[in-house]
Structure formats: structure tokens, C-alpha cells
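Scroll down for the structure; my scribbles are underneath it.
The values are calculated or read from the model by the stated rules, or taken from the named source; none is laboratory data. Owing to the predicted nature of the structure, the values given are computational and were not obtained by experimental measurement. We place every Cβ from the backbone using ideal geometry, glycine too, and count neighbours over all the protein chains shown. Keep in mind that these areas ignore ligands, DNA and RNA; they rest on the heavy atoms of the full protein, side chains included. Shrake-Rupley method; radii C 1.70, N 1.55, O 1.52, S 1.80 Å.
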Amino acid sequence: AVTILAPITAHYHRNRPLFLISIPKGGTHLLYRLAQAAGYDQAVVHNGEPAPGGWYCVEYSNSHTVARDFFIDTVRREPFGNRHHPFPRTPALFIYRNPLDIVVSEANYYHREEATVFSSYLRHLDFEHRLLRLIDDPYLLGSIRDRINNFVPWFDFETVVPVAFEELIGSRGGGDDAVRDRLIWSLQLKLHLPGRPEKLAAEIFDEQSPTFHEGRIGSSRTTMTP
């Protein structure tokens, strides 16, 4: 039964934009729902000038921004080494997940017609052979190790707040509601978000998401064959 009063400053969430970064199949829509529940507008594309109170992708409309693509390629492509980009001055949430569960989620989704532009590359394979290809494909998709490592550098930037899928999912996804609420409370402190953690938490689990399959922790333990 505690009420916390805090002044609204320049760091209040409605006074700053927010970037969202996610690994594919790592909880992207969970992160979107969290930003929506927290009161951010779905702005997505910023064109160099993100407006306060909106959430955006770091580049274009793709929240799966690979760190090397952004920090190396854009330095060559954009004027003045891309120093004008708002990323260094803007908070960002980066959601990550157990790579074993990510690759199982990929195998359950990537082959669906029109789900991905490369769905026909996997559609003729059964689940286990899709999984094996996604674990280590030397021709097109690379290995799961490579795909995850593309995102590892985000952990080391001071404006990026890492968010674990396993902590955010709550009991409906095989997690712990108390852990979820503590995580949300920590994000409220970092981003100056008002509200009650449990109220925000009630709005983020979305089984109607177009890419939702199971949304549970540890699916790899019951799905992967020896």
C-alpha cells in the first residue's frame, strides 16, 4: 500500500521517444505490447526526428536492427558518419530470449506461406529438418549462433535497457508473475513511467499477435529430439 509521487521532468516518458529492438522470434510483439501499455504512441519510422512520446525502430520499420548493420553500414551510407542519428540520446529497450527457444519458434513459423519472404526455402521440410537447417544453414540463413551474435553488441550501449523474454512473459508463458512485475517496475524507474506494474503486466500477453505460436519458456526442452 505504497504510493510514489515523482516530479515530471525532461526524462518523463511522454517527453522522450523510445527505440525498440528485438531478435526475430525473441518476443517482439511482447515488447510492442509493453510499449503500448506504458502509453507510448506507435510511431515506428522516425526519419531522423523521433517525436516525444512515441516508440520507433532504430532504422526504417524494422525492429530487428542488427547492430553491425546500423553502426558500420550506416556510417558509410549516411552523411557525417551518421552522427546526427538520435540513438545516442534516446532510451531503447532490447528484448532477448533463450536461443534454443528462438530457433524452435523460427521452425514453427518461418515456413508458413507469406510469413516470410523465404518461406518456400523451408516449406518442403518437416519440423525436424527445418530445425536442423535453422540451427546451421551454410547457404542462406546462417547458424542460430550467427543470428544471435548479430544482436549481442546492443547489450554494451549505455542507452539500451536489456529485457529478458523469460522475465517479462509471466506465469501465462511459464514464467513468474512476481519476477515480471519487478522487471516492469525497474523499467518504470528507468523510463519514468507512471502506473502499477501489475496493471501494465495484464496488458502485454497477446495470443492474437499475428506471429504468436506458443509464447512459452522452455519449449525447446520438449520439442527438440536428441
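Mind checking which residues of region 79-99 are of a type in the set (Lys, Arg) and more than 21 Å from the chain's Cα centre (by Cα)?
Across region 79-99, the qualifying residue is only ARG83.
For region 29-64, give me each residue that is buried (at least 19 other Cβ atoms within 10 Å of the Cβ), part of a strand (DSSP E or B) and out of contact with any strand residue (DSSP E or B) (no Cβ under 6 Å at 6 or more places or on another chain).
GLU59 - this is the single residue of region 29-64 that is buried (at least 19 other Cβ atoms within 10 Å of the Cβ), part of a strand (DSSP E or B) and out of contact with any strand residue (DSSP E or B) (no Cβ under 6 Å at 6 or more places or on another chain).
Six or more apart or on different chains, Cβ under 7 Å: which pairs go from a residue in region 5-28 that's of a type in the set (Gly, Ala, Ser) to one that's open to solvent by 70 Å² or more (accessible area, probe 1.4 Å)? Could you list them?
GLY26/TYR96
Restricting attention to region 84-96, which residues are more than 25 Å from THR222 (Cβ to Cβ), of a type outside the set (A, V, I, L, M, F, W, C) and surrounded by 14 or more Cβ atoms within 10 Å (Cβ to Cβ)?
HIS85, PRO86, THR90, PRO91
Just checking, does region 141-153 include any residue being outside any helix (DSSP H, G or I) and under 30 Å from ALA201 (Cβ atoms)? Outline the logic, then answer.
Our first condition is that a residue be outside any helix (DSSP H, G or I); within region 141-153, this holds for 141-143, 150-151.
Okay, now just the ones that are also under 30 Å from ALA201 (Cβ atoms), so 150-151.
Checked against the condition, which is being outside any helix (DSSP H, G or I) and under 30 Å from ALA201 (Cβ atoms), region 141-153 yields at least one hit.
Tell me yes or no: at least one residue of region 141-150 is open to solvent by less than 70 Å² (accessible area, probe 1.4 Å), within 28 Å of ILE4 (Cβ to Cβ), without any contact (Cβ under 8 Å) to a residue 60 or more places away in the chain and more than 14 Å from the chain's Cα centre (by Cα).
No, there is no match, as no residue in region 141-150 is open to solvent by less than 70 Å² (accessible area, probe 1.4 Å), within 28 Å of ILE4 (Cβ to Cβ), without any contact (Cβ under 8 Å) to a residue 60 or more places away in the chain and more than 14 Å from the chain's Cα centre (by Cα).
Regarding THR9, is this residue within 22 Å of LYS190 (Cα to Cα), among the polar types (S, T, N, Q) and surrounded by fewer than 16 Cβ atoms within 10 Å (Cβ to Cβ)?
Spelling it out, THR9 is indeed within 22 Å of LYS190 (Cα to Cα), among the polar types (S, T, N, Q) and surrounded by fewer than 16 Cβ atoms within 10 Å (Cβ to Cβ).
Go through (1) within 27 Å of LEU168 (Cα to Cα); (2) assigned to a helix (DSSP H, G or I); (3) open to solvent by less than 60 Å² (accessible area, probe 1.4 Å) for ARG130 and report which single condition fails.
Result: ARG130 fails condition (1) only.
Any residue that is closer than 22 Å to ILE204 by Cα and over 19 Å from the mean Cα position of the chain (by Cα) - is there at least one of those in region 64-78?
Checking region 64-78: not a single residue is closer than 22 Å to ILE204 by Cα and over 19 Å from the mean Cα position of the chain (by Cα).
Being surrounded by fewer than 22 Cβ atoms within 10 Å (Cβ to Cβ) and of a type outside the set (Phe, Trp, Tyr) is the filter; apply it to region 12-24 and report the residue that is nearest to VAL66 (Cα to Cα).
My answer is PRO24.
How many residues does region 97-127 hold that are open to solvent by less than 30 Å² (accessible area, probe 1.4 Å), of a type in the set (S, T, N, Q) and touching a residue at least 12 places away in the same chain (Cβ under 8 Å)?
1
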